[in-house]
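One structure below.
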Amino acid sequence: MSIRTCYMCELEATSDEHTPPKCLFPERKDVPDGIDYRVNLITVPSCEEHNSSKSHDDEYLLHVLSGSFTSSPVGLTQFMSKVRRAFEKVPSKATSFIRRSEPILLKRHTEDEWEQGAQVIVEAQRLDLVLGNCARALYFHETEQKFVGPVQVITAFTMYSDTKFQANVTSSVDTTRTYFASHPPKGENPSVFWYKFEESANTAIFFMCFYSSSEVLVRLDKREQP
Ligand SMILES: [Zn+2]
């Protein structure tokens with residue numbers, strides 16, 4: 001009898017890991033219009049160690065994405081319900097999240113319309129790790145192959161302090177968006193998450209979008225796969 005192994009290693013799978021994390025998808029009780037945003041979520045087999053749902057990294061991703069200035073009404077609903085409850089229950093989570101932040105004014109739609117917001121310095125490595133693992137799990141979902149080599153994560157919903165690097169990010173994401181324009185998005189809850197995928201002999205690319213406009217580009221370098 002063959003055993004089901006983890007999407008990341010050769011250990012026996014003991015659970016199913018949601019990719020992207022289930023906490024990003026609003027529960028029915030939090031959605032005023034009664035839409036079910038948890039239809040056919042993607043899961044992959046996972047061992048104890050590689051199931052990140054017990055870590056706080058998934059939750060951190062939710063905090064950053066749902067509260068981002070690029071978040072959609074669905075994302076903001078999730079921020080004002082699930083995230084707010086978590087912050088009220090454990091206030092230290094809120095203080096840690098905004099500990100390195102400063103107030104800013106955001107311009108909305110028209111030139112006369114300004115809104116107060118906060119610029120939060122994100123834990124970039126943590127964000128890259130969870131988004132990279134999300135791409136690894138999606139790669140397994142797409143190909144039934146494990147990818148344990150290096151991944152490069154580019155987040156278009158954050159601002160990098162290095163302006164030259166930021167210009168490269170914007171250009172890479174613009175090019176990728178154009179390249180994938182005719183590819184239909186995958187994922188059954190597109191107002192929360194969708195992705196596009198393509199691979200060649202050397203590289204696999206995921207173009208992901210959370211809450212309608214927070215875009216992420218992940219490159220899997222297959223030449224470096226051990
Ligand atoms: Zn594992």
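Each reported figure results from applying straightforward, stated rules to the coordinates on display, with no laboratory input. Keep in mind it's a predicted model, so treat the numbers as computed, not measured. No Cβ is skipped: glycine too gets one built from the backbone with ideal geometry, and neighbour counts run over all protein chains shown.
Distance between the C-alpha centres of the stretch 28-69 and the stretch 112-151: 13 Å, rounded to the whole angstrom.
Counting only aspartates and glutamates at least 8 places from K222 when in the same chain, those with an alpha carbon closer than 17 Å to its own are E142, E144, E198, E199. Setting aside same-chain residues fewer than 8 positions from K186, which lysines have a Cα under 21 Å from its Cα? Correct list for K186: K22, K146, K196. Between R126, R85, R38, the residue with the greatest mean-square fluctuation in the GNM of the chain (Cα pairs under 10 Å linked by springs) is R85. Relative to the current alpha-carbon distance between R38 and E198, full extension at 0.36 nm per residue lengthens the span by 55.1 nm. If you take the alpha carbon atoms of the stretch 15-224 and fit the smallest convex hull around them, that volume is 151 Å³ per residue. Entry note, the chain: the mean residue ellipticity at 222 nm calculated from DSSP H runs of n ≥ 4, each adding -39500 (n - 2.57), is -9000 deg cm²/dmol after division by the residues and rounding to the nearest 500. Annotation for the stretch 139-226: chymotrypsin sites (Phe, Trp or Tyr not before Pro) lying in DSSP loop with at most 15 further Cβ atoms inside 10 Å of their Cβ are Y160.
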